Amino acid sequence: MDQWPPVTVVVCTTGNRPDMLRAALKSVADQDYPGDITAVVVFDRCEPDLGVLSDDPHRRVTWTGNTRVPNVAGSRNSGILAAETELVAFCDDDNTWRPGKLRAQVALFSAEPEAALASCGMVSTQERVFPGDHITFDDLLRSRLPSATTSSFLMRRSLLLGPVGIFSEEIPRGFAEDYELLLRAARHAPIPYVREVLVEVPPHEGSHFYGRWEQIADSHEWLLEHYPEFRRTRRGYARLAGQVAFESSMAGNRARSLRWARRALLASPLEPRTYAALAICSRLVTGEWVLRQVQARGSGT
């Protein structure tokens, strides 16, 4: 591999955050990376904004539509298929990169040709940096690891189109597609990790999934069905089962919530989401109260 090979950056947008899209593209163009970078903007279910395009030979910006399923997995896969380089990175339209992001990752990635994916630290309301040099499959069974956000991904296209595979378009509603790809990439080979904050995720309103509790529960249940390895770690299984229980309680599906709460408790009595789900189902507290407590502590559900 050349020392500084060309890189394609896939930037997905639904067109409703034009200022953020421009900030994301500027952060890509401002990389101190010596090689060429092409940003491919994937416009999903919206008209393309041709004003963001650039014919700069070293920092091109091109576009494509979402030619696959109408969700974020389809958008990202459309960008992968439109790429013409071996290295493919991702930067969501509401995120930005710090200038040294690609240089640090490519230098690390080049030394590990068997790896499918590299990651790095991020900051939103708090800094999140994984404490090791590699993320393993077992690490991801234990935790989703918010320190490995999608906008930190640098991947090998040949492995995406080969043994690892592209983003799953089978996950219900496309939720948790990034986590599922992390699992596959780490099962293929440990994920090299740059222990620096190189991705910024500004806090803002507008998650496409916020409040869609039944859909999120469907996706987490799908993960448990398709990854029996979660049974290898009781805490890891309880974490996801507890999430299904909590999300189902937020959706008002009491029977489903209690079913998954029982499974979570049998796996591990230490999963806090299980108790939140039981409290909501018992009408001891409201879901809104639980969310306020979570937000006050700065942690996720």
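Name the one entry in CYS46, CYS91 that is hydrophobic (A, V, I, L, M, F, W, C), modelled with pLDDT under 95 and at negative phi. Step through it out loud before you land on a result.
Numbers: CYS91 fails: modelled with pLDDT under 95.
Of the residues listed, the single one that is hydrophobic (A, V, I, L, M, F, W, C), modelled with pLDDT under 95 and at negative phi is CYS46.
From ARG231, ARG239, grab the single residue that is buried (at least 21 other Cβ atoms within 10 Å of the Cβ), closer than 20 Å to TRP260 by Cβ and of a type in the set (Lys, Arg).
Residue meeting the stated conditions: ARG239.
Do you know which residues across the range 129-154 are surrounded by fewer than 18 Cβ atoms within 10 Å (Cβ to Cβ) and not in a loop (DSSP other than H, G, I, E, B)?
HIS134, ASP138, ARG142
Is there a residue being in a helix (DSSP H, G or I) and either over 14 Å from GLU196 (Cα atoms) or more than 16 Å from the chain's Cα centre (by Cα) (or both) anywhere in the range 85-95?
At the first step, the residues of the range 85-95 found to be in a helix (DSSP H, G or I) are none.
No, the range 85-95 contains no residue that is in a helix (DSSP H, G or I) and either over 14 Å from GLU196 (Cα atoms) or more than 16 Å from the chain's Cα centre (by Cα) (or both).
Tell me, yes or no, whether the range 130-152 has at least one residue that is at positive phi and in the same structural domain as LYS26 (by TED's automatic domain parsing). Steps first, please.
As a first pass, look at the range 130-152 and keep what is at positive phi: 145.
This time we only want the ones that are in the same structural domain as LYS26 (by TED's automatic domain parsing), so: 145.
Taking every residue of the range 130-152 in turn, at least one turns out to be at positive phi and in the same structural domain as LYS26 (by TED's automatic domain parsing).
For the range 6-17, does any single residue satisfy the condition of being hydroxyl-bearing (Ser, Thr, Tyr), surrounded by 20 or more Cβ atoms within 10 Å (Cβ to Cβ), in contact with a helix residue (DSSP H, G or I) (Cβ under 9 Å, 6 or more places away or on another chain) and within 22 Å of SER158 (Cα to Cα)? Outline the logic, then answer.
Kept after step one, since they are hydroxyl-bearing (Ser, Thr, Tyr), are these residues of the range 6-17: 8, 13-14.
Subset that is surrounded by 20 or more Cβ atoms within 10 Å (Cβ to Cβ): 8, 13.
So of that shortlist, the ones also in contact with a helix residue (DSSP H, G or I) (Cβ under 9 Å, 6 or more places away or on another chain) come out as 8, 13.
Still in the list and also within 22 Å of SER158 (Cα to Cα): 8.
Yes, that holds for at least one residue.
For the range 114-142: of the residues being hydroxyl-bearing (Ser, Thr, Tyr) and modelled with pLDDT of 95 or more, which is nearest to LEU81 (Cα to Cα)?
Of the range 114-142, the ones hydroxyl-bearing (Ser, Thr, Tyr) are 119, 124-125, 136.
Filter again for modelled with pLDDT of 95 or more, leaving 119, 136.
Values: SER119: 21, THR136: 27 Å.
Step by step, filter the range 114-142, then rank; the result is SER119.
Using the structure shown, decide if ARG232 is touching a Pro at 6+ places or on another chain (Cβ under 9 Å) and touching a residue at least 60 places away in the same chain (Cβ under 8 Å).
No.
Could you say which residue among ARG263, ARG254, ARG259 is modelled with pLDDT of 95 or more, in contact with a Cys (Cβ under 7 Å, 6 or more places away or on another chain), surrounded by fewer than 20 Cβ atoms within 10 Å (Cβ to Cβ) and not assigned by TED's automatic domain parsing to the domain that holds LEU183?
Numbers: ARG263 fails: in contact with a Cys (Cβ under 7 Å, 6 or more places away or on another chain); ARG259 fails: in contact with a Cys (Cβ under 7 Å, 6 or more places away or on another chain).
The match here is ARG254.
Kindly indicate which of ARG157, ARG98 is in the same structural domain as VAL40 (by TED's automatic domain parsing), more than 22 Å from ALA23 (Cα to Cα) and surrounded by 17 or more Cβ atoms within 10 Å (Cβ to Cβ). Can you show your working first?
Details: ARG98 fails: more than 22 Å from ALA23 (Cα to Cα).
Only one candidate passes the filter, namely ARG157.
Any residue that is out of contact with any helix residue (DSSP H, G or I) (no Cβ under 7 Å at 6 or more places or on another chain), in contact (Cβ under 8 Å) with a residue 24 or more places away in the chain and more than 30 Å from TYR227 (Cα to Cα) - is there at least one of those in the range 129-150?
No.
Go through the range 1-52 and give me each residue that's under 23 Å from GLU86 (Cβ atoms), without any contact (Cβ under 8 Å) to a residue 60 or more places away in the chain and part of a strand (DSSP E or B).
If the condition is that a residue be under 23 Å from GLU86 (Cβ atoms), without any contact (Cβ under 8 Å) to a residue 60 or more places away in the chain and part of a strand (DSSP E or B), then THR38, ALA39, VAL40, VAL41, VAL42 are the ones that fit.
The values are calculated or read from the model by the stated rules, or taken from the named source; none is laboratory data. What you are looking at is a predicted structure, and each value in this text was computed from that prediction instead of being measured. Virtual Cβ from ideal backbone geometry, glycine too; neighbours counted across all protein chains shown.
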